[in-house]
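Coordinate-derived values only; no laboratory data. Because the structure is a prediction, the values reported are computed rather than measured. Neighbour counts are summed over all protein chains in view; Cβ atoms, including those assigned to glycine, are modelled from backbone coordinates with ideal geometry.
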Amino acid sequence: MIRSSVIGALVSTAAMTSGCSTQPSYQPVATVEQIMEASVEPTSNAVFDAAAWVNGVQVGGPRTDDDWKMGEANALMLAEAGNLLLMGSRAKDQVGWVTRTQAMMDAANEAARAAQAKNTDAIFNAGTTIYRACLGCHLQYINPATVKPSPGQ
Ligand code: HEC
């Protein structure tokens, strides 16, 4: 409580001294396609790979504390990538795009909690929900006639 009021005071002082709004200034840089390829895809793959089986035998998957930590970090970066998808003109509308991004973020946060708990089954379930979120958005927003194949198509 004390800490948050100190932070609050610092923030309002900063706002007063800069003399303008507290809106952070950010500049969207990459395209949705680039965010998919360099952020959404690798981080979601790390989550999927954390709970994968071949012929009933788990392959790969986190072993050490560091592995689990990386799994958690990747899941959180996937959730964070959702924020990038919501920025400015990247959002194709304020309805389905937002709901579908939110679904991906919720599932990614669920995967992060599962990694923190070192729970392989829970990561698998979260991965399934993440995959559905990818699929749902692709089906709604990618025209199969104009775009090369991607997950969920
Ligand atoms: C909010 C909507 C949305 C969500 C959620 C979403 N995508 Fe996408 N994705 C798109 C759109 C739109 C494109 C097409 C981008 C373009 O080519 O301009 C795309 C394209 C892609 C591509 C192809 C990029 C290329 O080279 O053209 C990959 C790979 C991809 N997505 C992976 C994923 C994965 C994996 C997930 C889930 C973890 C996911 N996406 C979730 C909207 C979404």
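Brief remarks follow.
- The packing ranking, built from the mean of other Cβ atoms within 10 Å per residue, places the peptides 23-32, 101-110 in the order 101-110, 23-32, highest first.
- Coarse-grained scattering of the stretch 29-142 at q = 0.11, 0.12, 0.19 Å⁻¹, given as base-10 log I(q)/I(0) from a Debye sum over alpha-carbon atoms: -0.34, -0.40, -0.91
- Multiplying the residue separation of Leu86 and Arg113 by 0.36 nm and subtracting their alpha-carbon distance yields 7.4 nm.
- The stretch 29-142, relative contact order in percent, only Cα pairs under 8 angstrom and at least six apart counted: 28 percent
- Take 74-81, 37-44, 135-142 and order them by the average number of nearby Cβ atoms within 10 Å per residue, most first; the result is 74-81, 37-44, 135-142.
- Full-extension gain in nm, Val29 to Thr146, via 0.36 nm per residue minus C-alpha separation: 39.8 nm
- Highest average first, the peptides 119-126, 93-100, 54-61 ordered by how many other beta carbon atoms sit within 10 Å of their residues are 119-126, 93-100, 54-61.
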